[in-house]
Amino acid sequence: MGDGGVAEPGAQPTPAGGGGAAGPGTLASGAGTAALGPSDAGERIDVLRALAALPRRQREATVLRYYLGLNVAEVATALGIHEGTAKTTLFRARQALAAALGKRDMEEATERGEA
């Protein structure tokens, strides 16, 4: 990308230009929802909309961590940030997604033994 964004191996699902609105062919396009039931498809669309509303860095970190399966150190390397910054970014992204979707952050609750 060259503008401080994610490197382009495989050019994965972050929206072009990093803006909040997703265009055709991006993660929020709804592709792949046809095989899901109506409730599952609706949930997926809600998640994709919430993801698209995140600030660019939070969205990139979330996609790298939870969609592509990178660990925190790999996310930090891919984004060119410190590991602690990646952890904070992911935490804030999870909080924002949980608030947008009306759900508790289960990863944080599990780590604290609350779940």
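The values are calculated or read from the model by the stated rules, or taken from the named source; none is laboratory data. What you are looking at is a predicted structure, and each value in this text was computed from that prediction instead of being measured. A quick note on method: Cβ atoms are made from the backbone with ideal geometry, for glycine too, and the neighbour counts reach across all protein chains shown.
What residue, of GLY80, GLY113, is over 10 Å from the mean Cα position of the chain (by Cα) and either at pLDDT 95 or above or among the β-branched types (Val, Ile, Thr) (or both)?
Details: GLY113 fails: either at pLDDT 95 or above or among the β-branched types (Val, Ile, Thr) (or both).
Answer to the check: GLY80.
What do you reckon, is VAL75 touching a Pro at 6+ places or on another chain (Cβ under 7 Å), at pLDDT 85 or above and outside any loop (DSSP other than H, G, I, E, B)? Talk me through it step by step, then tell me what you get.
Working: touching a Pro at 6+ places or on another chain (Cβ under 7 Å): no; at pLDDT 85 or above: yes; outside any loop (DSSP other than H, G, I, E, B): yes.
Here the answer is no, as VAL75 does not meet what is asked.
Would you check which residues across segment 25-72 are at pLDDT 95 or above and at positive phi and list them?
GLY69
Based on what the data block shows, is ALA99 surrounded by fewer than 15 Cβ atoms within 10 Å (Cβ to Cβ) and modelled with pLDDT under 55? Outline the logic, then answer.
Values: surrounded by fewer than 15 Cβ atoms within 10 Å (Cβ to Cβ): yes; modelled with pLDDT under 55: no.
Criteria not met by ALA99.
Taking the stated definitions as given, is GLN58 touching a Ser or Thr at 6+ places or on another chain (Cβ under 6 Å) and without any contact (Cβ under 8 Å) to a residue 40 or more places away in the chain? Even if it seems obvious, please write down each step before you answer.
Details: touching a Ser or Thr at 6+ places or on another chain (Cβ under 6 Å): yes; without any contact (Cβ under 8 Å) to a residue 40 or more places away in the chain: yes.
Yes; evaluated as a whole, the condition is true for this residue.
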